[in-house]
1. If you go through the stretch 14-36 one residue at a time, do you hit one that is under 28 Å from residue 83 (Cα atoms) and modelled with pLDDT under 90?
2. Does residue 11 satisfy the condition of being in a helix (DSSP H, G or I), surrounded by 10 or more Cβ atoms within 10 Å (Cβ to Cβ) and modelled with pLDDT under 70?
3. If you go through the stretch 45-64 one residue at a time, how many are open to solvent by 60 Å² or more (accessible area, probe 1.4 Å) and either in contact (Cβ under 8 Å) with a residue 60 or more places away in the chain or not in a strand (DSSP E or B) (or both)?
4. Mind listing just one residue for me: the one in the stretch 65-93 that is surrounded by 10 or more Cβ atoms within 10 Å (Cβ to Cβ) and charged (D, E, K, R) and, of those, nearest to residue 55 (Cα to Cα)?
5. Please verify whether the stretch 76-88 includes one or more residues that are out of contact with any strand residue (DSSP E or B) (no Cβ under 8 Å at 6 or more places or on another chain) and among the charged types (D, E, K, R).
Amino acid sequence: MLKNVTMDNQSSYKKVKHLEKDGKKHSPALTTAHKDLRLSWAKDHMTWNNECHKVVWSDEKKFNLDGPDGGDSVMIWASFGWGGKSSICFVDG
């Protein structure tokens, strides 16, 4: 179930600062092969005209509120594309 939630900047900042204190995992560095694949993809798509109007980029992130071993958590999801961006959605379940 998706819920659109409006939060002011102060509330958002407090939530994020609280989550950062608990430690964060860093992603591994991109390898040369990963970088080459990204560059190849970008070059292959440089000639897109109207095709880019059909693409929507999205991402989600789960935050464990009670530490890394479980408990309460919240997942957020958002997207953007040619026509603009979505609201941030909080996902239950």
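1. Yes, the stretch 14-36 contains at least one residue that is under 28 Å from residue 83 (Cα atoms) and modelled with pLDDT under 90.
2. yes
3. Step one: list which residues in the stretch 45-64 are open to solvent by 60 Å² or more (accessible area, probe 1.4 Å), which gives 46-51, 53-54, 56-62.
When the remaining residues are screened for being either in contact (Cβ under 8 Å) with a residue 60 or more places away in the chain or not in a strand (DSSP E or B) (or both), the result is 46-51, 53-54.
The total comes to 8.
4. That would be 85.
5. no
The values are calculated or read from the model by the stated rules, or taken from the named source; none is laboratory data. Nothing here was measured: the structure is a model prediction, and the numbers come from that model. For neighbour counting, all protein chains shown are included, and Cβ atoms are generated from backbone atoms with ideal geometry for every residue, glycine included. Areas reflect the complete protein model, heavy atoms only, side chains present, ligands, DNA and RNA absent. Shrake-Rupley method; radii C 1.70, N 1.55, O 1.52, S 1.80 Å.
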